[in-house]
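To start, the structure under review is shown below, and the notes come after it.
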Amino acid sequence: MNTSTLHFVPPEDFHARSRAALDDPQLRRSFRGAMTFLQEKRRGQFGDEDELQHLRDLGEAVRKNALARLPELLERLEAQLTAAGARVHWADTPEEANAIIHGIAAGCGARRIVKGKSMASEEIELNHYLEERGIACLESDMGEYIVQLAGEKPSHIVMPAIHKTRADIATLFEQHIPGTAYTEDVDELIQTGRRTLRSAFVEADIGLSGVNFAAADTGTLWLVENEGNGRLSTTVPNVHIAIMGIEKVVEKLEHIVPLASLLTRSATGQPITTYFNLISGPRRAGELDGPRELHLVLLDNGRTQAYADEQLRSTLQCIRCGACMNHCPVYGRIGGHAYGTTYPGPIGAILSPHLLVLESTADLATASSLCGACGEVCPVRIPIPQLLVRLRTEANRDPHAQVAHPLRGQGAKYSRGERLVWRFWSGAFGRPAAYRLFRWAATRLRWLAPKDQLGWTKYRTPLKPAPRSLADLLRERGQP
Ligand code: SF4
């Protein structure tokens, strides 16, 4: 079975990949259909506007409270888990996180790891790192398993294989799972995947998972899932490694309840998922199941850069529901792979510049019409459009400008010429006489403009010329 994974495509090739995606009618059809489906599912969950806004107030308050006290809460989480017999590791960078996990695996002689869904492990390219060192990683979430078989990255943070058609999956299973006949029957495909994965839980030396939320007061790791693979990978193998971004902690266990409700309803339109797994330590004396060792890896990977800035800190409120992606007109047309980052769509555009650097990710913030849909559906009220504008400003800032919290890659798109153009533009707009003169000159020099439409306007449907009169309009409609 092919379990190899690919390295990230460089995010700086975003424009070329977006163009390729726009020219792929099958991909556009798949995403359009999937996005419409997910939007309707979410809408069905939030029929009561007052309840939705009340829940959003609660969710935002919980996340803001947690971020305001982040260092203290992380230390409490560590103390609680340590007291329960778990080991907590701190990783500043993907390299450190990978080395820690490899160290744990080497310490117990592990050769096989079975994974529950974890975007943090995608972020550090863990599979690739471990496979280069002779340790096989098998994704057990069905969507992740499919993209792993295809040698691809997830194209959505909640539904990794959303870009795959039934026929794609049938072909993959036929090619990679011995003895599997081609079928497009969804139930049969799911059963085949389940049967193949089931033995992996028993054979694995380590189970690895992500963490949706962590409660500092009780030292509880909260995992949300639908397939049971999360529960199996965190209980069957002797060692469980959980990896989470440092922002996932909240103050109290009870604070997770509104977040979990917002997460499942916003993500998949479910009132609740099939499984909530609450993990508070390794197996205790007298218990019949659970791992004998529990490790938690706390990953920074640039999050403290966002944390240091009062406005950008709100990026870390994210609960990874994917609703902003599902409602984004850009993501809905180009899909997740075009972004070239672990987190695509609006959340990716505001988070990736911290995880990577602004040089390679500055274009992502420009892939938005600033329609505001992402901010409107975000269950924890992250002001995504404002953050996109802020990141555009940072990318165009003078690289030598002194600012309180410079971003890595500040001024990546800085251009003296562009700055001059905008200065001229704002000068003309600010003075009526200058604007009139500019308009007079621009009208007469229109012949200098390029004939072909530029940039995204190429993909717009041209507007029909307006009817000249009411009589024309009636004639067009076939009315005398
Ligand atoms: S930014 Fe908001 S809408 Fe987007 S994934 Fe995060 S929580 Fe969900």
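Could you give the angle, 0 to 90 degrees to the nearest 10, between helix 49-68's Cα long axis and the longest principal axis of the Cα atoms of the chain? On a 0 to 90 degree scale, this one is about 70.
From helices alone, the chain scores -14000 deg cm²/dmol at 222 nm; the rule is -39500 (n - 2.57) for each run of n ≥ 4 DSSP H residues, then divide by the residue total. 3J(HN,Hα) along the stretch 133-144, derived from phi through the Karplus expression 6.51 cos²θ - 1.76 cosθ + 1.60 where θ = phi - 60°, amounts to 9, x, 10, 7, 10, 10, 6, 10, 6, 4, x, 5 Hz, with x in place of Gly and Pro.
The solvent-accessible area of MET35, taken with every protein chain present and a 1.4 Å probe, is close to 0 Å².
Take 216-228, 73-85 and order them by the average number of nearby Cβ atoms within 10 Å per residue, most first; the result is 216-228, 73-85. Using protein chains only and a probe of 1.4 angstrom, how many square angstrom of ASP24 are accessible, to the nearest 10? Roughly 60 Å² of ASP24 is accessible to a 1.4 Å probe. Computed with every protein chain present, the accessible area of ILE135 is close to 10 Å² [probe 1.4 Å].
Let me make sure I get this right: for the stretch 113-181, a, b and c are the square roots of the gyration tensor eigenvalues over alpha carbons, sorted descending. Under 1.5 in a/c it's rounded, otherwise prolate if a/b > b/c, else oblate. Which is it? Since a/c reaches 1.5 but b/c is at least a/b, the shape of the stretch 113-181 is classed as oblate.
In a simple Cβ point-charge model (Lys, Arg +1; Asp, Glu -1; nothing else charged), the stretch 186-295 has a dipole of about 80 debye relative to its Cα centre.
Taking amide hydrogens as placed 1.01 Å from N in the peptide plane, the amide H of VAL297 sits under 5 Å from those of HIS89, ALA242, ILE243, MET244, each at least 5 positions away in sequence or on another chain. Computed from phi, the 3J(HN,Hα) profile of the stretch 118-126 under the Karplus parametrisation 6.51, -1.76, 1.60 (θ = phi - 60°) reads 8, 6, 5, 6, 5, 4, 9, 6, 4 Hz, with x in place of Gly and Pro. A simple count of charges around SER426, restricted to other residues whose Cβ falls under 14 Å of its Cβ and scoring Lys, Arg +1 and Asp, Glu -1, yields +2. Across the options CYS371, GLY47, LEU351, the greatest Cα extent toward the positive end of the charge dipole of the chain (unit charges at beta carbon of Lys, Arg, Asp, Glu) belongs to CYS371. Summary of packing: across the peptides 371-384, 337-350, the per-residue average of other C-beta atoms within 10 Å ranks them, highest first, as 337-350, 371-384.
Simple point charges give the picture: +1 on the Cβ of Lys and Arg, -1 on the Cβ of Asp and Glu, and for the chain a dipole about the Cα centre of about 2400 debye.
Close amide-amide hydrogen proximity is noted between ASP141 and LYS117, each under 5 Å apart and 5 or more residues distant or on a separate chain (H modeled in the peptide plane; Pro and chain starts excluded). The antiparallel fraction among DSSP beta bridges confined to the chain stands at about 25%. Absence of a disulfide-compatible partner, taken as no other cysteine beta carbon within less than 4.7 angstrom, is noted in the chain for CYS108, CYS137, CYS318, CYS321, CYS328, CYS371, CYS378. Each of GLY302, ILE104, PHE31 was scored by the projection of its Cα onto the charge dipole of the chain, and the greatest displacement toward the positive side belongs to PHE31; charges sit on the C-beta of Lys, Arg, Asp and Glu.
Spatially, the stretch 185-262 and the stretch 87-112 are offset by 18 Å when compared through their Cα centroids.
Calculation over all alpha carbon pairs of the chain in 10 angstrom steps from 0 returns a P(r) of 4, 18, 27, 25, 14, 7, 4, 1, 0 percent. Based on every Cα atom in the stretch 23-182, Rg and the maximum pairwise Cα distance Dmax equal 20.5, 56 Å. Expressed as a whole number of Å, what is the distance separating the alpha-carbon centroids of the stretch 18-50 and the stretch 289-304? Measuring centre to centre over Cα atoms gives 33 Å. Rounded to the nearest 10 degrees, the angle from helix 166-176 to the longest Cα principal axis of the chain is 40 degrees.
Suppose every K and R has +1 on its Cβ and every D and E has -1 on its Cβ; what is the size of the dipole of the stretch 176-235 about the Cα centre, in Debye to the nearest 20?
180 debye
Using Cα atoms only, what is the angle between the long axis of helix 25-45 and the major principal axis of the chain, expressed in degrees (0 to 90) to the nearest 10? Taking the Cα atoms of the chain, the angle to 25-45 is about 70 degrees. Shown are ILE162, ILE190, ILE101, whose ranking by accessible area with a 1.4 Å probe and every protein chain present, most to least, is ILE190, ILE162, ILE101. Dipole of the chain computed with +1 at Lys/Arg Cβ and -1 at Asp/Glu Cβ about the Cα centre; of GLN175, THR268, ASN238, farthest Cα towards the positive end is THR268.
The values are calculated or read from the model by the stated rules, or taken from the named source; none is laboratory data. Computed from a prediction, not measured in an experiment: that's the story for all the values here. For neighbour counting, all protein chains shown are included, and Cβ atoms are generated from backbone atoms with ideal geometry for every residue, glycine included. For the accessible areas, the whole protein counts, side chains as well, though only heavy atoms, and no ligand, DNA or RNA atoms are used. Shrake-Rupley method; radii C 1.70, N 1.55, O 1.52, S 1.80 Å.
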